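The values are calculated or read from the model by the stated rules, or taken from the named source; none is laboratory data. A quick note: this is a predicted structure, and the numbers were derived from the prediction, not measured. Neighbour counts run over all protein chains shown; Cβ positions are idealised from the backbone, glycine included. The accessibility values were calculated without ligands, DNA or RNA, using every heavy atom of the protein model including side chains. Shrake-Rupley method; radii C 1.70, N 1.55, O 1.52, S 1.80 Å.
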Amino acid sequence: MEIYGRVRRAVLVEGKSERAVAQEFGIARETVRKMLRYSVPPGYRRERPVKRPKLGPWIGVIDAILQEDKNSPVKQRHTAKRIFDRLRQEYAYTGGYTIVKDYVRLQQLRTREMFVPLTHAPGKAQADFGEAWVFVAGVKCKAHYFAMDLPQSDDCFVAAFPAETTEAFLEGHVRAFAYFQGVPRQILYDNTKLAVAKILGGGERKKTRAFSELQSHYLFEEKFGRPGKGNDKGKVEGLVGYARRNFMVPIPRVGSWEELNTHLLEQCGQRRERRLRGQEETIGERFERDRTALLPLPEAAYEACEKRTARVSSLSLVRYRGNDYSVPTEYGHREVLVKGYVQEVVIACGSEILVRHARSYAREELVFDPRHYLALLEQKTGALDQAAPLVGWELPACFSELRRLLEARLNKGGRREYVQVLRLLETFRLEEVAQAIEQALHLGTISFDAVKHLLLCRIEQRPPRLDLENYPHLPPAQVRTTQPSEYMALLGEVNS
């Protein structure tokens, strides 16, 4: 630039000729003329398109490959090297790799999508799922976290679940609406199968039953992005990455999923104090405009669960998402309704809830409640020692001692009475039944009737009245009749 200015000054100020200046600075006269035309260097300007004599005949082939790639998965599209190899193998191309690479890069830049900056009205939201690793109760597992963003204020909600399921999708909405204290008027989604059963074309979607129920309960409007276009909901896509980098680094170590969600909720609350770039208000201050635009919450929250009908098997098991859950044997072969929540599975028959099991996210697991099989074991006592539902059932030591004494006294009948004692656990707490058994062992009243009587007396806080005539196996007490003369001996000892 310094030489550029000196050349211009020599000609325009000092009056030297272009030839003399060209000789003085060792440059061409044409270069001097260009310097005089522009006050600053204009840069290189190509007047004609680049000629590619060796590549020209194959440009149409390259363009066709790049066009076809638009319909292929991103990870299976042609690289410049792969295009070069195909040109040599299939089309007898004799040129070099560099000109192919430069042309491919230029074409890809020209076809890269551009975007229009958008504004967002209050009361609208975007929702999506993300994934991150966490330690729950010492076990490393993948958390599928539901994220909802309010683009106008940049306020957010994040909740984590063991799996990206229908019930997690529903539960995420219920918790988000409770956190925002209102319902967004419109929510933008991708085409997740949790909400979209089928893409019909023309912007129409066939929604899943669960999503339709959720929408009917909260009355928000849905909007779906274009298939494969994550940028349509760029705000929540950014939130998914932000939550992973900021809320889950370092990797959370928690005792339960609820503890993890408490942590995430605290992080969302603290984020409201931030003032983002280009904004004069904090997220919390801008959220107030969103709050006034939200729909009111209904009186009752939506029951966030997946509902399925099933039939109880001959083993008194109901299958839900690859796992089998037990129900009382009296409901065998009957049709039931299964409600799958995030943390539990509820099985009902008609209007009666049969059982609540802790939700299992394993595969092909058997989830038993031993009490469900006791009525059947009372009839089939021969299966007592091999009953799978009783494996791993930890009972106090007094139970095994009672069984040993009952079987020693009554043989097979003692086994049935022991099952009858176990059936008391269908109604009473384990601690209450154990205390009654220990009392029966202490008194030597080894029978189901005695245990039940002692249990009821303890609960009703009245003294037990055991009729020993009902226990012929007990040795009778030998008490002889006392004679009046025997009391005289006692008086004599007193006088002495």
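The table for this structure:
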| read-out | value |
| --- | --- |
| Net charge over other residues, Cβ less than 13 angstrom from the Cβ of Glu171 (K, R count +1; D, E count -1) | -3 |
| Pairs beyond 20 Å (Cα-Cα), from Lys193/Lys307; Lys124/Lys307; Lys198/Lys223; Lys380/Lys412 | Lys124/Lys307 |
| Counting all C-alpha pairs of the range 196-325, share separated by more than 27 Å (%) | 49 |
| Using alpha-carbon coordinates, inclination of helix 397-410 to the longest axis of the chain, degrees | 40 |
| Per-selection metrics, the chain (Cα): Rg and Dmax in Å | 41.1, 163 |
| 0 to 90° range, to nearest 10: angle between helix 97-111 axis and the chain longest Cα axis | 70 |
| Loop chymotrypsin sites (Phe, Trp or Tyr not before Pro), the range 319-423 (other Cβ atoms within 10 Å of the site Cβ: 16 or fewer; DSSP) | Tyr361, Trp393 |
| For the range 357-454, alpha-carbon Rg over 2.2 N^0.38 Å | 1.14 |
| Rounded tilt (10° steps) of 283-293 against the dominant C-alpha axis of the chain | 80 |
| Heavy atoms of Glu344 accessible to a 1.4 Å probe, total area in Å² rounded to 10 | 60 |
| Cα convex hull of the range 77-168 - mean projected area over all directions, nm² | 11.8 |
| Inter-centroid distance (Cα atoms) of the range 144-159 relative to the range 277-311, Å | 9 |
| Accessible surface, per residue, of the chain when the full set of protein chains is kept, probe 1.4 Å, Å² | 61 |
| In the range 225-310, trypsin sites (Lys or Arg not before Pro) in a DSSP loop with at most 12 other beta-carbon atoms within 10 Å | Lys229, Arg274, Arg277 |
